[in-house]
Amino acid sequence: MTTATKTATKTATKTTTVVNNPVMIENRWGNVAVFGHSLVSKKDIEIFEKCLNLSEFGEEEGDHGVRSVMFREDGRPDGLQAQCVPDAGAIVINLQQVLMGSAEETTEDLEVSLIASFHRNLVLDYLHEIHHMEMFHKKGLPEDIVGDEKIEALAEQWAMEKLIELAKTTDIEPAHYSESPWLSGQIHELLTNPEKSNWVDHQLHMVENNIMYHLKEVKDKNEELTLMSFKGLIHLMSGDDANSEEWQTTVTAEPVAEPTPANIDPVGFDINDLVGDMEMLEMEQDDVIPAAPIPAAAPVAPVYNAPAPVLPIAPTVPIAVPAAAIPAAQPAPPAAAQQQPAMATLPQTGLTPEQTRDVVFGVFNKAYNHIFTNCGQLQQSDLGFNNPEAVSTMSIELTPREKAVIVKMDCLDENGRWCPQCDTTTGLRGFIMKNAKIPAFKLYINNGGHEAIRLMMPQNPGKKGADGGYSKPAAAARGGARIMYIMDGTDKAPGQGSVFLFKCIDNKWQVC
């Protein structure tokens, strides 16, 4: 067992608490229930849906027999990456074993990134088990034939053929790993392991630069080969000619009818339409910060800090965050001219402005994923979330560096009491907005010894416009768009400018 595999094994044994209510995938042969969907990205589910709707499973070709799939993080089924249960029409995916297998592969094939290997194995597992299920369903094979060398080889060959076909004809690029709650936590621990190695350094470089495959020297040529797309990697694996016309089609996402994030003017929101309900929870006189640290409820998997390039305004324009995300410290004006009390002076962190920015946006990503993974976003409802309490009952694990930068928070304690400016030693928690019942975070940031305050909250889906109908962003949120705003959390006097700094729409950051 390699060092990387040992580390992956140790890392993947950690488990999180997930919601077991399934989501449903539409299929001509009956909806397929997906359990454990909160562990993986939305894109992973969409790709599984594509696998279930291959041309082989049309009206004439017949039913594949799949009725449910379960993603597991606890190492089961033991020793297997995936398993099918024909009589139940069920497929089980062992995420831990997929990661361990991918870690081992990338120590032997150094050119492939861990992200690419994990994604390839995950999709191949989908296809492999679907093929098994189809054979059992259509041909009535006995269950004990599972493991037969001929049956396994046939499924393996078919899965690879279909992976190549899908890569040619549709979008099966992996989502950024920060969108996968389980995988992001594993990647974070694997690649920030204090036991540094060449493997860790190499994989970290590829992950941070979104590289799928990197070959230092191409045979018979004095050049390197770097592939930035999963499609490019599968093309290479297929053995097809580099200029094959079959691979020249540019796959783009299918357009979706209004209202969707893609149809929202990224800078054209009316500020009054954005959130709508800014009232904080009322604080009672006896609501005080507990003397002892609050024990954290079951922590969610940490989300690895996404590097700055994944926070775009537009696909090719990197966001300029340092000045806006965390304002540079300014010399205090004369006492007579001060309108507000001076910000708190905090200990120096020793981090550069760029490092501080990356830490802050990493925590923003964690909080964003936490809300939209655990709070249960509703559709076509003014309520917004069916479990907003998760923002305070489930804490987000922070690294020592993150705790040095995110020093305090406003939150609810385990008894639902208001705790302003509570420290973050036991993790990050939030609160629920009083009127709209929307989960939110208020963070106190140590920006090189000066305090900056940021408020994070999702779009209020019940916000109405001047015409009495739902505002554009509210309509998008009601349709399932995951919209989050970052605001200046410092109380500002009227006329001092917008408090809205950034917004995140379906994991894409933009300047307000």
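Quick one: residue 414 ticks every box in (1) assigned to a loop (DSSP other than H, G, I, E, B); (2) buried (at least 20 other Cβ atoms within 10 Å of the Cβ); (3) acidic (Asp, Glu) bar one, so which box is it?
(2)
Which residue, of 134, 165, 156, 152, is over 17 Å from the mean Cα position of the chain (by Cα), buried (at least 21 other Cβ atoms within 10 Å of the Cβ), among the acidic types (Asp, Glu) and modelled with pLDDT of 80 or more?
So the residue among 134, 165, 156, 152 that is over 17 Å from the mean Cα position of the chain (by Cα), buried (at least 21 other Cβ atoms within 10 Å of the Cβ), among the acidic types (Asp, Glu) and modelled with pLDDT of 80 or more is 134.
How many residues, within the range 108-118, are surrounded by 19 or more Cβ atoms within 10 Å (Cβ to Cβ) and in a helix (DSSP H, G or I)?
5
Here's a check for you: in the range 60-79, which residue that is touching a Phe, Trp or Tyr at 6+ places or on another chain (Cβ under 6 Å) and open to solvent by 20 Å² or more (accessible area, probe 1.4 Å) is modelled with the lowest pLDDT?
63
Could you go through the range 345-363 and let me know if any residue there is out of contact with any His (no Cβ under 8 Å at 6 or more places or on another chain), among the hydrophobic types (A, V, I, L, M, F, W, C), modelled with pLDDT under 85 and within 23 Å of residue 440 (Cβ to Cβ).
Within the range 345-363, none of the residues are out of contact with any His (no Cβ under 8 Å at 6 or more places or on another chain), among the hydrophobic types (A, V, I, L, M, F, W, C), modelled with pLDDT under 85 and within 23 Å of residue 440 (Cβ to Cβ).
Since residue 101 meets every condition but one in (1) open to solvent by less than 20 Å² (accessible area, probe 1.4 Å); (2) closer than 25 Å to residue 32 by Cα, which condition does it not meet?
Failing condition for residue 101: (2).
Any residue that is in a loop (DSSP other than H, G, I, E, B), crowded, with 23+ Cβ neighbours inside 10 Å and out of contact with any helix residue (DSSP H, G or I) (no Cβ under 7 Å at 6 or more places or on another chain) - is there at least one of those in the range 435-458?
Scanning the range 435-458, I find at least one residue that is in a loop (DSSP other than H, G, I, E, B), crowded, with 23+ Cβ neighbours inside 10 Å and out of contact with any helix residue (DSSP H, G or I) (no Cβ under 7 Å at 6 or more places or on another chain), so the answer is yes.
Tell me yes or no: at least one residue of the range 55-70 is among the aliphatic types (A, V, I, L, M), over 19 Å from the mean Cα position of the chain (by Cα) and over 19 Å from residue 480 (Cβ atoms).
yes
Output the number of the condition that residue 398 fails; it satisfies all remaining conditions of (1) under 19 Å from the mean Cα position of the chain (by Cα); (2) in a strand (DSSP E or B).
All conditions pass for residue 398, except number (2).
Considering only residues that are aliphatic (A, V, I, L, M) and crowded, with 17+ Cβ neighbours inside 10 Å, which ones fall in the range 46-59? If you could, list the steps in order and put the result at the bottom.
If we filter the range 46-59 for residues that are aliphatic (A, V, I, L, M), which is where we start, we get 47, 52, 54.
Matches in the range 46-59: 47, 52.
Scan the range 421-441 and tell me whether some residue there is touching an Asp or Glu at 6+ places or on another chain (Cβ under 6 Å), among the basic types (Lys, Arg) and within 19 Å of residue 483 (Cβ to Cβ).
no
Mind checking which residues of the range 424-471 are basic (Lys, Arg) and at pLDDT below 90?
Answer for the range 424-471, where residues must be basic (Lys, Arg) and at pLDDT below 90: 434, 437, 463, 464.
When the residues of the range 186-209 are narrowed to those that are outside any helix (DSSP H, G or I) and either in contact with a strand residue (DSSP E or B) (Cβ under 8 Å, 6 or more places away or on another chain) or among the hydroxyl-bearing types (Ser, Thr, Tyr) (or both), which ends up modelled with the highest pLDDT?
197
Assess whether residue 425 counts as being within 26 Å of residue 401 (Cβ to Cβ), in contact with a Pro (Cβ under 9 Å, 6 or more places away or on another chain) and surrounded by fewer than 18 Cβ atoms within 10 Å (Cβ to Cβ).
So residue 425 passes the test.
The values are calculated or read from the model by the stated rules, or taken from the named source; none is laboratory data. Here the structure is a predicted model, which is why all the values come from computation and not from measurement. No Cβ is skipped: glycine too gets one built from the backbone with ideal geometry, and neighbour counts run over all protein chains shown. Each accessible area value is taken on the protein alone, full model and side chains, heavy atoms only, with ligands, DNA and RNA left out. Shrake-Rupley method; radii C 1.70, N 1.55, O 1.52, S 1.80 Å.
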